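K.L.:
Have a look at this one before I ask anything.
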Amino acid sequence: MARFNLCIGNFNLADRNHVEAAVATTYRCPLCGGALELMEDGRYLWFGCWRCKIYVRREKGELAKKFVDYRRRRFMWSQMMEELYRIFMSPVG
Ligand SMILES: [Zn+2]
């Protein structure tokens with residue numbers, strides 16, 4: 001199986017209890033072909049595959065700093081998704 005960046009956690013079933021929201025995205029898992037999903041808990045956004053249990057996560061505060069366009073008062077949603085997908089697809093080493 002491919003290896004991914006160190007920010008990946010192996011996501012435990014129990015952790016899903018803390019998830020506040022989860023949505024399927026149009027991105028596809030390279031391993032199983034399933035829809036990748038975006039989840040949110042109190043601190044993090046998680047992006048990855050539920051079936052394969054592979055996720056990347058980023059702190060919401062960090063993402064807000066990077067992807068909120070304060071001048072235009074909007075959130076750069078698609079740029080964030082592209083970055084999360086790029087991180088997800090980056091093999092380690
Ligand atoms: Zn998968």
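K.L.:
Name the pairs: first residue in the stretch 60-83 and without any contact (Cβ under 8 Å) to a residue 40 or more places away in the chain, second residue exposed (fewer than 12 other Cβ atoms within 10 Å of the Cβ) and of a type in the set (Lys, Arg), Cβ to Cβ under 9 Å, at least 6 apart or on different chains?
P.N.:
What qualifies is 60/43; 61/43; 68/74.
K.L.:
I would also like to ask the following. Which members of the stretch 47-64 meet the condition of being hydrophobic (A, V, I, L, M, F, W, C), more than 10 Å from the ligand (Cβ to nearest atom) and crowded, with 19+ Cβ neighbours inside 10 Å?
P.N.:
47, 56
Laboratory data are not the source of any read-out in this text; all were calculated from the coordinates shown. On a predicted model such as this, the values are computed, not experimentally measured, just so you know. Reconstructed Cβ throughout: ideal geometry from the backbone, glycine too, with neighbour counts over all protein chains shown.
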